[in-house]
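The values are calculated or read from the model by the stated rules, or taken from the named source; none is laboratory data. For clarity, every value in this text was computed on a predicted model and none was experimentally measured. Using ideal geometry, Cβ is built from the backbone for each residue, glycine included, and neighbour counts are taken over all protein chains shown. Please note that ligands, DNA and RNA were not included when accessible areas were found on the heavy atoms of the full protein model with its side chains. Shrake-Rupley method; radii C 1.70, N 1.55, O 1.52, S 1.80 Å.
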Amino acid sequence: MRQIVELIGRALNVPAVSIKNEEAGAYFGPLAMFAGLDMPASSALTQQRLGWKPTQIGLIADIGQPGYFAG
């Protein structure tokens, strides 16, 4: 999550700062409990069950492209 937030902050020219878990509710409301969880994910099961293989670039590379946040 940190990598995504830092990339978005740089793209929008706004600071991205770390906050304490206790402060998360003020920023994320009811979603705060999810913001601090370590929830690794993989597409391996989807690939196996559906015979699917990703062909595009990943999220970090995608949102890091010039013009991604251009409105």
Output the number of residues of the stretch 13-27 satisfying the condition of being of a type in the set (A, V, I, L, M), modelled with pLDDT under 90 and either part of a helix (DSSP H, G or I) or in contact with an Asp or Glu (Cβ under 7 Å, 6 or more places away or on another chain) (or both). 1
Can you give me the number of residues within the stretch 28-71 that are under 18 Å from the mean Cα position of the chain (by Cα) and among the β-branched types (V, I, T)? 3
Does the stretch 28-42 hold any residues that are in a helix (DSSP H, G or I) and modelled with pLDDT under 85, and which are they? A35
Answer yes or no as to whether L45 is out of contact with any Gly (no Cβ under 6 Å at 6 or more places or on another chain), of a type in the set (A, V, I, L, M, F, W, C), open to solvent by 80 Å² or more (accessible area, probe 1.4 Å) and not in a loop (DSSP other than H, G, I, E, B). yes
Could you list, in sequence order, the residues of the stretch 1-17 that are open to solvent by less than 90 Å² (accessible area, probe 1.4 Å) and free of Cβ contacts under 8 Å to residues at least 40 places away in the same chain? V5, E6, G9, V14, A16
